[in-house]
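Enquirer: Following this message is one structure expressed as structure tokens.
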Amino acid sequence: MSETRTGLVAAFTLAGISTLVPTVAAQSGTSTTDGLIWGLNTELLAVAIPITVLVEAILIYTVWRYRAGKVTEALPTQENRRLEITWTVATAVVLLFVGVASMGVLAQDHVATTGDSIGADDDTLEVQVVAEKYAWTFNYPEHNVTTGSTLVLPVDREVRLNVTSKDWLHSFHVPGLGLKQDAFPEQANYLITEPTETGEHQLYCAEYCGAGHSGMLGTVEVVSQGEFQDWLDEQSD
């Protein structure tokens, strides 16, 4: 293969792989939590893809350059201090970027999960999520409303979920909103998020909890604030 053709193949490969980053970046997220997670994934992909392409290009070139019939015997490598210092520093910079970017997201209240009552605004909607074999119950203490199976949340309003269990270990998991929190008996674990799009999302128990685990499902429905108020009024009747 000529050098020109090799360059064209490499260019088209880079162009194809580079489309992955804009595709991921377009995922704005269905909640503030989901958006922060997708944003971090995009940043990490922007670093990982060029490194992957570089390593694969070197590997392909090495296999092609030293294929059978071209080299009769292996030659000893020579020390290159500049090269060794360069890749050591480059690796340190990449790891530092990954660490800082990850901690910047993981430290956010809308991503961090904790057993403490993390702070929220006065307008934050409080919801108690109670797990038990094999069902979910949702209490809205400010509105004196209790429902099962379906968790209804208003869009564009901060929500604090108090996740607990009546019997043993369960796990509250809503992949569509980027939410996951363990539910322990006699212990409160908290999640804070703000839905940014209306829609319906599947709720799972993500911790094996017995024979009925696979059926421990629910629904999270995000509606407009007007629809949410109407729903509260209906439940109070």
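Just so you know, all these numbers are worked out from the coordinates, no wet-lab data involved. Predicted, not measured: the structure shown is a model, and the values here were computed from it. Every residue, glycine among them, receives a Cβ derived from its backbone with ideal geometry; neighbour counts consider all protein chains shown.
Enquirer: Tell me, TRP64, TRP136 in order of fewest to most beta-carbon neighbours within 10 Å?
Expert: Ranked by crowding around the Cβ, least crowded first: TRP64, TRP136.
Enquirer: Using a/c under 1.5 as the rounded threshold, could you call segment 91-237 rounded, prolate or oblate? The axes a ≥ b ≥ c are square roots of the C-alpha gyration tensor eigenvalues, and prolate needs a/b larger than b/c, oblate otherwise.
Expert: Numbers: a/c = 1.91, a/b = 1.32, b/c = 1.44.
Taking the square roots of the gyration eigenvalues as a ≥ b ≥ c, segment 91-237 is oblate.
Enquirer: In segment 125-236, what % of DSSP beta bridges are antiparallel (nearest 5)?
Expert: 70 percent
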